[in-house]
Structures are given as C-alpha cells and as structure tokens.
Amino acid sequence: MSQGKESSGEVNIYGIEKVINLNNSNINNQIEIISKPVFLKESGDNLSINGVSLYLKNVSESDIGKVTFNIVFYDTNGDVIETIEHVIKNLVKNKEYPLIIGSKKGGIAIKNYSVNIVEICAPPSPLVTDNEYIQILNHSFLPIASDSYFERIGQKSVLEIAVRNISNVTIATALFEVTFYDAEGEILDVFEHIETDLKAGKSRSVLIYSNNFKDIEAKSYNVKLLKTITTDIEKIQLVRHQAKTNKSGSEEIEGIIKNISDIKTDAVLIATFKNLNKEKIGTQVIRIRNVEPNTTRKFQFIFNTPEGEKVKTYTFDITDRIKRIPDIVNGMVTKNIV
C-alpha cells in the first residue's frame, strides 16, 4: 500500500487528543484531504463520538472511477472498535467530496481513527501511437451534442483524431487498434479501425466509435497504428459491393473498385462464398484490366450456388498481381472484365 503524508500535529475536537494514521491522504497525487476531520457526536445528551467527517478532493489529471477507503475506529485504550470499508464512485477532476463515516458500535466512545486509501480505480491516460508514415496530430472524445446523430443512436463515446500522411507516398490502408476504458479503468472494447486512400502530405479528421457497447461513456482510450500499407503494395481498393439472390438461387454480385495509385494497373478480385456452417462452397475470380490511375470501375458477376447449398457470407481478396492467378485455381471460376 502506498504511503502518503500523515495528519500534521494534534487536533482537539470534542475531546479528541489527536488523529492517528491519516495515511494515503495524497496517494500518487490523486486524492487530497482538504479539510481537518470533524468528529460526529451522538444526538441528545450523549456526547460520545460516533463517527468522523472530512472532505477530500480529486487532484489528479482526470476523473476517477472509484476510491476504496479503509477506516478504523479506536477506543481510549487504543483497541479497535470497528473497521469499515467505504467506497466513493465517479470523482470528477478538481471537485470536492464529503467522506462521512459513522460507527455502528453504539455506546463506545471513539478516541482515535485511521483512514487508508486501499484502492484507486481510474482509467489510464489517453495514449496514441503513430509511425513514420502517419502522424496523429490531436485526439479527444467528441462532445455529443443534443439531438445529434450520435445521441439519437445512443452513442456516448466517439473519439475524434486528426491524422496526417507525413510521407511522400499514398497510404492505401492504415490499420488502427483502439481500446476504450470505463471510469474504473476496465476495458470496454478492443477493436480495429481502418482508414484508406490517404494522400501524401494530406490530413484527415477521423471519428472512431464501437458498435459493441452503447449508453456507456468511455473515459479514456489507447490508439495504436498497427500497420500502414502503401500503394506500392496495394493499388486497388474495394469501394462498395452488394449481393442479392435471384429467382434461380444464384448470387448476383456487383460493386465498385478504385485504383488509388498513380499508375494504370489490373485488378483481381477473389470472391469466396460460405454456407450457414461457415464452410466454403465456392470461389470466383474476377479480372478487371487497365484501370486508370485514381479512377473507379464497376464490376458485376453471378455466382451459381451449388445444389443443396445456400450462401450465408462472402469475402473479397484483391490484388493487382494478375499474372499470379491462373484461369482456374482449386475449382475457382474465372471471369475477365476488360
């Protein structure tokens, strides 16, 4: 247990000679005792002491989710009367809070007491990690305005970051890992966020939020830039796609790709189809030739679902290395789009 400063000097309040072991009163510079303790008297003619009241303040750099105190009351002989655990939650930065603790042991006068902070639960400080390609210029939680889109969908935690491509090449894909924490430092969610087509020397504002929790306000975050892929590696990106099942049971797929590089290139789309059991039931290869730089191209094709099967999901893999894809690979059906 970390030790803080002790109570200074002697206090004479209602006959109490001194306060002992006021420990952890400024633990890790997070919690500060800002007023002298005042002992509580029982009502009526009984002047015995039955509790203590003091004020504390969150002096840390952020809100604190929970503070757990251990309070021990002593009698005139120094014997323990009672030990009490007390919890205060949601301590806002720079705000004062009362700590009022009464003993349940009636008829025994409290002579001294000790207060120890057992645990402080708070989120870690916000942290972002960039790399030699992308710089994170600033970052903070977005204030959710009344009647805004995010309020209407119940989303209380939206992270806004500004990123800048500081390299001299286009970033095809930037992969971020995002961790959100609650007020007590517990992880709410860990998820990935992807940004695409970030041109050299350009900046962008990015909004990040999780679909795995709502109506909970995240208090901190950790954003790591895991991977950056340049257009030397990834020239073609899938802009959008959709599928519908026709009357014969086949899947009609259509979509748009974009060449985000500065050179003309070919594209190869490898579509993999799976059934309700997540088993692969077929693969189809689509070749799109001569896509001009920074332009889009439409594509469409039909996947003939095997008899007795039903498509549940499909995925795309995209490459520009058309020479590495033969006309038929492991039963793939290939279609060329000129």
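Every number in this text was worked out from the coordinates using simple rules, so none of it is lab data. Given the structure is predicted, the values throughout are model-derived calculations rather than measurements. Cβ sites come from the backbone with ideal geometry, for glycine too, and all protein chains shown count toward neighbours.
A few points about this structure:
- The range 181-294: C-alpha gyration tensor shape, a/c 1.5 cut-off, then a/b vs b/c: oblate
- Debye, to nearest 20: dipole size of the range 127-230, +1 on Lys, Arg Cβ, -1 on Asp, Glu Cβ: 460 debye
- Pairs beyond 24 Å (Cα-Cα), from Lys199/Lys312; Lys199/Lys224; Lys89/Lys224; Lys95/Lys224; Lys227/Lys280; Lys235/Lys310: Lys199/Lys312; Lys89/Lys224; Lys95/Lys224; Lys227/Lys280; Lys235/Lys310
- Arg289-Lys247 pseudo-label distance in nm [points 7 Å out on the Cα-to-Cβ vector]: 3.5 nm
- In summary, the aspartates and glutamates within cross-link reach of Lys298, defined as a Cα separation below 13 angstrom excluding same-chain residues under 8 places away, comprise Glu254.
- Exceedance of the 24 Å cut-off in Cα-Cα distance is limited, within the set Lys57/Lys105; Lys57/Lys219; Lys247/Lys274, to Lys57/Lys105.
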